[in-house]
1. Out of the residues in segment 271-295 that are part of a loop (DSSP other than H, G, I, E, B) and not polar (S, T, N, Q), state the one that is nearest to residue 169 (Cα to Cα).
2. Restricting the search to segment 296-333, which residues are farther than 20 Å from residue 243 by Cβ, in a loop (DSSP other than H, G, I, E, B) and open to solvent by less than 50 Å² (accessible area, probe 1.4 Å)?
3. Kindly check whether there is at least one residue in segment 174-181 that is charged (D, E, K, R), at pLDDT 95 or above and closer than 26 Å to residue 289 by Cα.
4. As an exercise: evaluate residue 137 against (1) part of a helix (DSSP H, G or I); (2) closer than 23 Å to residue 229 by Cβ and give the number of the one condition it does not meet.
Amino acid sequence: MPQEPTQHHRRPHDLIDTFVSHLHSTMTLWYTPPALRPTAARGIRLLSTQSAASIKRTPPQGSAQQRFREFNLEGKVFAVTGGGRGLGLTMAEALVEAGGEVHCLDLLADPHEDFHAARARANPDFGGALHYQRFDVRDKKGSDEIMASIASRKHRLDGVIVAAGINHVATALDYRESDIQRIIDTNYKGVFYTATAAGRQMLKHKTRGSILLIASMSGLIANKGMNSSIYNSSKAAVIQLGRSLAMEWARVDAQGQGGIRVNTLCPGHIVTPMAQMVIDQDPKTKEIWESENMMGRLSRPEEFRGLALLLMSDASSFMTGSTTVCDGGHTAW
């Protein structure tokens, strides 16, 4: 006669039936419907659902009708140095499309034709505006005056993109004193003057502003095919300047001043007049640069529009002291 299975020799389906029966009976003991269950979070005291509901934030008025409201720049005021053409102008145009009033500042006496084309593309339905003023970033007094003038229009300055910069290609042994001075005056001192002039106005008007310093991946690495030790080191200094200013201005004081965010963007090689100047001197440079990043190509200015909008908007409200690298993977291998 076959023996009945013992507790240790039960058939598989008997074990499954026993497990399911035990699980069902256990669940009835510890399961509580979600509506009656207390709300818990790691490291936070338990709250009843009634208490939790009382501390929920009320969504901003009209938020249901507006998508991605964190990116909305309507009513806000911005300045972009190096905004006459190239990367600076492309970023400025993105801010206009998001509703911002944008002041492009550049050394050119008259706006470049690219600026006129960008202004013609600006859709008035977006609510933004594009302006141009001649400006030399090496002029400290002028920096203070122009930022004060821009901020006085609406008693606010919400953001500044510091994109003005120059390059000089030469071996380290061939640099002249005048070349060194010209690059440092523009790429470092000019950035410092612009950022501090902007920060002064943001503090004065108690604006929780955002400052974006355009550095370069050249501040992190040495570029193959481009002898530019002074340019590279000036961009490395900009990266450290961004961290230092972020530390000074992040906290809101008792008078309500502060809350200013400062970040740095390090682009890879971009098809701009500055890059073209290097390529014209040595056409092989383009091939070297393309082969040195993972994507096998140079970037376009319009590929930085989204980053400009992110870093100038409330979408990056908890982001400061950071260095964002956008280089097609160049520095990742």
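The values are calculated or read from the model by the stated rules, or taken from the named source; none is laboratory data. Since this is a predicted model, take the numbers as computed values, not measurements. Here the Cβ is made from the backbone with ideal geometry for all residues, glycine too, and neighbour counts use every protein chain on show. Surface areas here come from the heavy atoms of the whole protein model, side chains and all, with no ligands, DNA or RNA. Shrake-Rupley method; radii C 1.70, N 1.55, O 1.52, S 1.80 Å.
1. In the first step, residues of segment 271-295 are kept if they are part of a loop (DSSP other than H, G, I, E, B); the result is 271-272, 282-283, 292-295.
The next check asks that each one be not polar (S, T, N, Q); those that pass are 271, 282-283, 292, 294-295.
Working: 271: 17, 282: 11, 283: 14, 292: 19, 294: 25, 295: 25 Å.
Filtering segment 271-295 for residues that are part of a loop (DSSP other than H, G, I, E, B) and not polar (S, T, N, Q), the one nearest to residue 169 (Cα to Cα) comes out as 282.
2. 296, 298, 313, 328, 329
3. Kept after step one, since they are charged (D, E, K, R), are these residues of segment 174-181: 174, 176-177, 179.
Add one more test, that the residue is at pLDDT 95 or above, and what stays is 174, 176-177, 179.
Keeping just the survivors that are closer than 26 Å to residue 289 by Cα gives 174, 179.
So far as segment 174-181 goes, yes, one or more of its residues are charged (D, E, K, R), at pLDDT 95 or above and closer than 26 Å to residue 289 by Cα.
4. Of (1) part of a helix (DSSP H, G or I); (2) closer than 23 Å to residue 229 by Cβ, only one is false for residue 137: (1).
Per-residue answers, yes or no, for (1) under 21 Å from the mean Cα position of the chain (by Cα); (2) among the hydrophobic types (A, V, I, L, M, F, W, C):
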| site | (1), (2) |
| --- | --- |
| 192 | yes, yes |
| 205 | no, no |
| 216 | yes, no |
| 221 | yes, yes |
| 229 | no, no |
| 238 | yes, yes |
| 250 | yes, yes |
| 262 | yes, yes |
| 270 | yes, yes |
